[in-house]
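Peer 1: Dropping a structure here in structure tokens format, bear with me for questions.
The values are calculated or read from the model by the stated rules, or taken from the named source; none is laboratory data. Every value quoted in this text rests on a predicted model; they were computed, and no experiment measured them. As a convention, Cβ positions derive from the backbone with ideal geometry for all residues, glycine included, and neighbour counts pool all protein chains shown.
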Amino acid sequence: MSGRRVVITAVGAASPLGLTSGQMWEGLLQGRCGIGRIRAFDPVKMPCQIAGEVPEYNIRDYVPKAYRKAAKLMCRDIELSVIAADEAVRASGLVTKAIDPEHPTLPSERTGIDFASGIISCELPEIAPSVAVSAENGRFDMKKWGREGIPTVTPLWLLKYLPNMLACHIGIIHDIQGPSNTITCGEVSSHIAVSEGAEMIQRGHADIVLAGGGEAKVNPLLMVRQCLLKRSTFSGNHNPQAACRPFDAKADGSVFGEGAGVLTLEDLDCARKRGAAILAEYAGGASSAADTDDYIHLKNGEGLEIAVRQALEEARVRPEELDLIIPHGTAIPSDDRIEADVLQNVLGSAVSRVPVWPLKGQLSHAGSAAGALDLAAAVLAIRNQTIGAAFNLETPLDGCRLLFPKKSAAYPVRTVLCCGYSFGGQTAAVVLKRYEEKSE
Amino acid sequence: MKERVVITGMGLVCPLGNDVASTWEGLMTGRNGMNYTTLFDASTYPTTFDAEVKNFDLNKVLKYPQRHQHCNRGSSFALGAAQEACRQAGIETETDSPADGIDRRRMGIYLGAGEGAMDSDAFFTAIVKAWNSQTQQMDWAVWTDTTFSMMSAEHELEQETNMPAAHLAVLTGARGIIRSCLTACAASTQAVGEAAMLIRQGKADIMIAGGAHSMIHPLGVMGFNRLTALSTRNDSPWTASRPFTASRDGFVLGEGGAIVILESLSSAQKRGAKILAEIIGFGSSSDAFRVTDMHEEARGAVQAMRSALQDAGIGIEDIDYISTHGTSTAENDSIETLAIKKVFGPRAYQIPCSSPKSQFGHLIGATGCAELITCVMAIQTQTLPPTMNLHDPDPTLDLDYVPNQPRKARVETVLKESFGFGGQNNVLVIRRYRS
């Protein structure tokens with residue numbers, strides 16, 4: 001295939017376990033859980049009142065002085081993404097306009113961005129006064145909204161909520177002028193964004209790409225949606241830390257949350273020329289579609305298995321050569337079961353040897369950003385040669401033969417598979433490898 | 001060995017017509033798709049008109065419409081357009097055992113698709129009930145109860161941006177690479193470009209690519225109105241989209257679905273598919289300037305155009321026609337004209353460039369692929385679609401915009417450009433197919 005090799009020279013993450021990838025990694029290994037009662041709004045009447053929320057931050061700490069005015073155009077999805085990108089740029093050693101406004105050395109036109117985003121719901125208290133003045137006798141009146149409500153909505157309202165604004169703000173802050181795409185493919189968006197970012201480098205359209213995704217799902221409208229779809233657990237309100245139980249027999253739904261993850265992808269020669277530390281290599285990726293029941297849950301494993309097998313094939317990795325799998329593991333029982341079956345099929349007799357480490361019990365399910373957090377953790381597992389324990393996994397699903405690590409430990413991690421699927425049926429998989437100078 | 005990428009099918013649902021032929025006929029006869037808004041009561045909005053898809057009935061297009069019964073307008077337009085495109089390309093749809101000889105694992109989907117309309121009745125009602133104007137606080141208990149009593153799981157699910165691609169996977173059985181992107185008004189141009197790259201890189205044989213979007217709903221129109229992006233020529237919707245004129249005052253919001261079937265040349269030849277045109281170049285860039293404005297010197301637009309030409313391996317002398325983004329906003333039309341002049345130099349004045357948005361409006365996420373289809377038609381018929389309503393040219397905009405009437409011309413190679421909010425620039429170069 002392509003002659004250009006793509007390596008990862010830094011990661012960044014904002015997650016319920018902290019504002020940096022280091023905090024996320026420590027939290028994962030120490031068995032901390034980022035899930036708690038919702039703070040963003042009062043969830044008193046919600047069937048699911050818990051979520052994974054990112055700790056408090058001041059966005060001004062992450063936005064260069066010259067761009068601070070634009071911070072008010074950032075919804076929370078954008079803020080989290082800007083924070084993760086800030087870390088991924090600083091840790092890479094690349095000198096962007098944000099790092100040194102006077103002497104940036106980033107090759108702007110040869111740098112791209114490929115970012116996953118969810119459908120962003122507006123902040124209700126922001127628009128509520130304009131809606132409220134449009135009421136006539138206690139009922140919303142469209143004519144009054146047109147005359148009196150609309151003129152009071154903040155003029156740039158729409159720009160705050162367009163999915164591509166995550167990539168655009170990051171691009172402006174760091175002066176990224178090359179190819180730019182925003183993947184909106186449900187819960188596999190981040191896997192796809194990282195694959196496509198790598199492809200931009202492989203085909204020579206960019207030398208460096210910031211790839212990943214961000215989503216802030218702890219918005220009342222989005223939480224209602226997951227409850228209506230019956231994907232959220234309704235039984236975890238009194239014990240949030242034990243609520244999200246991927247692949248566990250007692251699992252009865254997912255816990256949604258927020259986060260952002262960014263990988264700095266780089267052409268190998270470009271990274272070597274500037275003496276960058278290489279954390280891992282991108283080895284392959286694929287996606288497909290699965291049959292679904294009512295477009296919500298997987299009906300069978302066909303689409304996920306196609307993605308996993310093709311990603312492995314592209315990476316030239318045999319299933320038994322895998323050292324770690326970070327699965328989607330949403331804790332939605334029927335989906336977990338199908339994912340477990342797929343991984344068992346693919347692994348064959350290696351099922352008893354390859355550790356499977358689901359992260360959502362600690363991180364919650366950050367929607368389209370979930371894959372970016374998984375991939376950031378995969379890079380750190382390779383760099384640190386360590387894996388953590390499967391959280392809230394006491395008794396695996398009936399018939400599940402996957403090997404779930406029971407405690408954090410040093411482990412030789414050369415090859416990692418991250419996979420996912422989405423409502424709507426899209427599936428995706430990515431394979432990362434430890435970087436070795438000679439490629440086989 | 002890079003694969004050549006050709007187009008073997010096209011489908012379109014847009015305000016001018018519900019297929020390619022009627023849309024092209026509309027473009028050639030000066031029709032337009034604008035009128036007063038019927039999808040909701042916009043009578044007191046700053047803009048009271050739009051460009052709506054008319055008389056589109058999915059039940060007449062599909063054999064099994066019940067598989068898509070809850071889908072939103074955007075998804076239904078995607079399905080209609082895909083059905084037409086697949087038929088032309090000889091891809092069987094709505095079957096579990098296709099006999100067309102195409103390996104579904106090598107056939108993928110790439111859409112530039114937008115979100116579905118919000119359940120605005122529930123949205124507005126819940127806020128009115130729960131907002132306390134005295135305390136400026138939301139009563140979340142009231143809000144939650146109202147929302148749960150009014151919203152449905154189906155409608156909520158179908159708002160998600162990946163649902164149009166999900167419906168196309170069910171329609172076509174595609175099991176290859178499935179992706180969906182949303183880079184504002186440049187989304188479907190980007191989807192087609194990225195899909196072409198996947199074929200070129202050998203990752204798929206066939207990609208069903210394009211876009212689908214409808215933002216004609218209370219919050220969508222409000223958002224664009226607040227940005228002052230829409231024309232407010234409420235006394236004359238039919239002449240409101242007037243790109244490159246001195247009197248232009250914004251775009252006309254449209255909606256639609258546009259699909260092209262992209263295929264590796266070897267796959268098309270093996271299947272004996274009719275080749276409509278070849279995609280030879282793709283360029284993508286970002287302004288990295290402001291989320292509110294295009295770069296004053298058209299930096300990003302210029303870079304995307306140059307990248308696309310370079311990717312195609314051709315020079316500025318090879319372009320016969322430019323299909324513009326041409327939105328009819330003050331900013332876009334000026335900066336786009338500047339960009340063309342910067343890239344093409346003195347030759348800019350010799351290249352006709354027009355905007356079909358003057359007739360079908362701005363289809364947002366779907367617009368780029370809809371316009372790409374008009375480029376293929378221009379190659380096939382050797383006729384350029386015009387820029388209508390161009391009676392008072394802006395004196396500072398002096399290119400050949402093909403004013404008011406279609407024109408016979410030699411059309412071998414075409415450049416299609418799309419620009420989106422936030423500084424997203426995507427450009428495709430297509431050419432008449434030559435073996």
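Peer 1: Restricting attention to strands (runs of 3 or more DSSP E) lying wholly within the stretch B:1-91, give those where 2 or more residues are more than 30 Å from B:Asp103 (Cβ to Cβ) and touching a helix residue (DSSP H, G or I) at 6+ places or on another chain (Cβ under 9 Å).
Peer 2: Details: elements: B:5-13, B:34-36, B:49-51.
The strands (runs of 3 or more DSSP E) meeting that bar are B:34-36, B:49-51.
Peer 1: How many residues does the stretch B:6-46 hold that are under 19 Å from B:Arg87 (Cα atoms) and not hydroxyl-bearing (Ser, Thr, Tyr)? Spell out how you get there, then give the answer.
Peer 2: Going through the stretch B:6-46, the residues under 19 Å from B:Arg87 (Cα atoms) turn out to be B:6-14, B:17-24.
Okay, now just the ones that are also not hydroxyl-bearing (Ser, Thr, Tyr), so B:6-7, B:9-14, B:17-21, B:24.
Total meeting the criteria: 14.
Peer 1: Go through (1) of a type outside the set (A, V, I, L, M); (2) within 22 Å of B:Gly313 (Cβ to Cβ); (3) assigned to a strand (DSSP E or B) and name the single condition B:Arg347 misses.
Peer 2: Condition (3) is where B:Arg347 drops out.
Peer 1: Mind telling me which of the residues B:Asp287, B:Asp320 ends up being assigned by TED's automatic domain parsing to the domain that holds B:Ile109 and more than 27 Å from B:Pro403 (Cα to Cα)?
Peer 2: B:Asp287
Peer 1: Among the residues of the stretch A:229-283, write down those that are more than 19 Å from the chain's Cα centre (by Cα) and aromatic (Phe, Trp, Tyr).
Peer 2: Matches in the stretch A:229-283: A:Phe234, A:Phe247.
Peer 1: What number of residues within the stretch B:42-89 satisfy the criterion of being within 14 Å of another protein chain (Cβ to nearest Cβ), among the hydroxyl-bearing types (Ser, Thr, Tyr) and within 20 Å of B:Cys369 (Cβ to Cβ)?
Peer 2: Here the count works out to 1.
Peer 1: Looking at the stretch A:255-278, which of its residues are of a type outside the set (A, V, I, L, M, F, W, C), closer than 12 Å to A:Ile201 by Cβ and in a strand (DSSP E or B)?
Peer 2: A:Thr264, A:Glu266, A:Asp267
Peer 1: Further question on the same structure: Among the candidates A:Ser235, A:Ser190, A:Ser254, single out the residue that is in contact (Cβ under 8 Å) with a residue 24 or more places away in the chain, away from chain B (no Cβ under 14 Å) and of a type outside the set (Asp, Glu).
Peer 2: None of the others qualify; the one that does is A:Ser254.
Peer 1: Additional query: Sort through B:Ser231, B:Ser236 and tell me the only one that's under 20 Å from the mean Cα position of the chain (by Cα), more than 24 Å from A:Ser288 (Cβ to Cβ) and away from chain A (no Cβ under 11 Å).
Peer 2: B:Ser231
Peer 1: Please verify whether the stretch B:14-29 includes one or more residues that are in the same structural domain as B:Phe282 (by TED's automatic domain parsing), over 21 Å from the mean Cα position of the chain (by Cα) and buried (at least 20 other Cβ atoms within 10 Å of the Cβ).
Peer 2: No, the stretch B:14-29 has no match at all.
Peer 1: Now a separate question. Can you spot a residue in the stretch A:407-426 that is closer than 25 Å to A:Ser254 by Cβ, touching a Ser or Thr at 6+ places or on another chain (Cβ under 9 Å) and part of a helix (DSSP H, G or I)?
Peer 2: There is no residue in the stretch A:407-426 that is closer than 25 Å to A:Ser254 by Cβ, touching a Ser or Thr at 6+ places or on another chain (Cβ under 9 Å) and part of a helix (DSSP H, G or I).
Peer 1: Among the residues that make up the stretch B:178-200, is at least one of them part of a loop (DSSP other than H, G, I, E, B), more than 15 Å from the chain's Cα centre (by Cα) and surrounded by fewer than 24 Cβ atoms within 10 Å (Cβ to Cβ)?
Peer 2: From the stretch B:178-200, those part of a loop (DSSP other than H, G, I, E, B) are B:182-183; that's our starting set.
Subsequent filtering for residues that are more than 15 Å from the chain's Cα centre (by Cα) retains none.
No, the stretch B:178-200 contains no residue that is part of a loop (DSSP other than H, G, I, E, B), more than 15 Å from the chain's Cα centre (by Cα) and surrounded by fewer than 24 Cβ atoms within 10 Å (Cβ to Cβ).
Peer 1: Moving on. Of these, A:His174, A:His205, which one is within 14 Å of chain B (Cβ to nearest Cβ), surrounded by fewer than 24 Cβ atoms within 10 Å (Cβ to Cβ) and under 15 Å from A:Arg110 (Cα atoms)?
Peer 2: From the options A:His174, A:His205, the qualifying one is A:His205.
Peer 1: Considering the stretch A:262-276 alone, what residues qualify as being hydrophobic (A, V, I, L, M, F, W, C), in contact with a Gly (Cβ under 8 Å, 6 or more places away or on another chain) and over 21 Å from A:Gly171 (Cα atoms)?
Peer 2: Start the filter on the stretch A:262-276 by keeping residues that are hydrophobic (A, V, I, L, M, F, W, C), which leaves A:262-263, A:265, A:268, A:270-271, A:276.
Filter once more, keeping what is in contact with a Gly (Cβ under 8 Å, 6 or more places away or on another chain): A:262-263, A:265, A:276.
The answer is A:Ala276, and nothing else.
Peer 1: Continuing with the same structure: Which of the residues spanning the stretch B:127-162 are of a type in the set (Ser, Thr, Tyr), assigned to a helix (DSSP H, G or I) and more than 7 Å from every other protein chain (Cβ to nearest Cβ)?
Peer 2: Within the stretch B:127-162, B:Thr146, B:Ser149 qualify.
Peer 1: Can you tell me which residue in the stretch A:279-301 is surrounded by the fewest Cβ atoms within 10 Å (Cβ to Cβ), limited to those that are among the small types (Gly, Ala, Ser) and part of a loop (DSSP other than H, G, I, E, B)?
Peer 2: A:Gly301
Peer 1: I've got another one for you. If only one of B:Asp100, B:Asp96 is at pLDDT below 95 and assigned by TED's automatic domain parsing to the domain that holds B:Pro218, which one is it? Explain how you work it out, then say what you get.
Peer 2: Numbers: B:Asp100 fails: at pLDDT below 95.
Selected residue: B:Asp96, the only one of B:Asp100, B:Asp96 that is at pLDDT below 95 and assigned by TED's automatic domain parsing to the domain that holds B:Pro218.
Peer 1: Is it fair to say A:Arg316 is at negative phi, touching a residue at least 24 places away in the same chain (Cβ under 8 Å) and among the basic types (Lys, Arg)?
Peer 2: Working: at negative phi: no; touching a residue at least 24 places away in the same chain (Cβ under 8 Å): yes; among the basic types (Lys, Arg): yes.
No; evaluated as a whole, the condition is false for this residue.
Peer 1: OK, next. Between a first residue in the stretch A:51-71 that is without any contact (Cβ under 8 Å) to a residue 40 or more places away in the chain and a second residue that is assigned to a loop (DSSP other than H, G, I, E, B), which pairs have beta carbons less than 7 Å apart while being 6 or more apart in sequence or on different chains?
Peer 2: Within 7 Å, the pairs are A:Pro55/A:Leu19; A:Ile59/A:Met74; A:Ala66/A:Pro101; A:Ala71/A:Val63.
Peer 1: Ok, one more. Which number in (1) within 12 Å of chain B (Cβ to nearest Cβ); (2) at pLDDT 95 or above; (3) within 24 Å of A:Trp157 (Cα to Cα) marks the one condition that A:Thr111 misses?
Peer 2: All conditions pass for A:Thr111, except number (3).
Conditions tested, residue by residue: (1) closer than 29 Å to B:Val170 by Cβ; (2) in the same structural domain as A:Asn300 (by TED's automatic domain parsing); (3) in contact with a helix residue (DSSP H, G or I) (Cβ under 7 Å, 6 or more places away or on another chain).
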position: A:Val354; (1), (2), (3): no, yes, yes
position: A:Leu363; (1), (2), (3): no, yes, yes
position: A:Leu375; (1), (2), (3): yes, yes, yes
position: A:Gln385; (1), (2), (3): no, yes, no
position: A:Ala409; (1), (2), (3): no, yes, no
position: A:Val416; (1), (2), (3): no, yes, yes
position: A:Ser422; (1), (2), (3): yes, yes, yes
position: A:Ala429; (1), (2), (3): yes, yes, yes
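Peer 1: Among the candidates A:Leu298, A:Leu265, single out the residue that is closer than 30 Å to A:Met165 by Cβ, away from chain B (no Cβ under 11 Å), touching a Phe, Trp or Tyr at 6+ places or on another chain (Cβ under 8 Å) and among the aliphatic types (A, V, I, L, M).
Peer 2: Exactly one of A:Leu298, A:Leu265 is closer than 30 Å to A:Met165 by Cβ, away from chain B (no Cβ under 11 Å), touching a Phe, Trp or Tyr at 6+ places or on another chain (Cβ under 8 Å) and among the aliphatic types (A, V, I, L, M), namely A:Leu265.
Peer 1: Those residues that are within 11 Å of chain B (Cβ to nearest Cβ) and of a type in the set (Lys, Arg), I need them from the stretch A:301-322; list them, please.
Peer 2: A:Arg309
Peer 1: Moving to a separate point now. Within the group B:Ala191, B:Ala169, B:Ala174, B:Ala165, which residue is in contact (Cβ under 8 Å) with a residue 40 or more places away in the chain and more than 8 Å from every other protein chain (Cβ to nearest Cβ)?
Peer 2: Numbers: B:Ala169 fails: more than 8 Å from every other protein chain (Cβ to nearest Cβ); B:Ala174 fails: more than 8 Å from every other protein chain (Cβ to nearest Cβ); B:Ala165 fails: more than 8 Å from every other protein chain (Cβ to nearest Cβ).
One residue alone meets the criteria, B:Ala191.
Peer 1: So, one more: Residue by residue through the stretch B:377-435, note down the ones that are buried (at least 24 other Cβ atoms within 10 Å of the Cβ), aromatic (Phe, Trp, Tyr) and within 14 Å of chain A (Cβ to nearest Cβ).
Peer 2: B:Phe419 - this is the single residue of the stretch B:377-435 that is buried (at least 24 other Cβ atoms within 10 Å of the Cβ), aromatic (Phe, Trp, Tyr) and within 14 Å of chain A (Cβ to nearest Cβ).
Peer 1: Another question, then. When the residues of the stretch B:298-327 are filtered to those that are acidic (Asp, Glu) and more than 13 Å from chain A (Cβ to nearest Cβ), which remaining residue is surrounded by the most Cβ atoms within 10 Å (Cβ to Cβ)?
Peer 2: B:Asp320
Peer 1: Looking at A:Gly259, A:Gly275 in this structure, which one is surrounded by 24 or more Cβ atoms within 10 Å (Cβ to Cβ) and assigned by TED's automatic domain parsing to the domain that holds A:Ala376?
Peer 2: Criteria check complete, one pass: A:Gly259.
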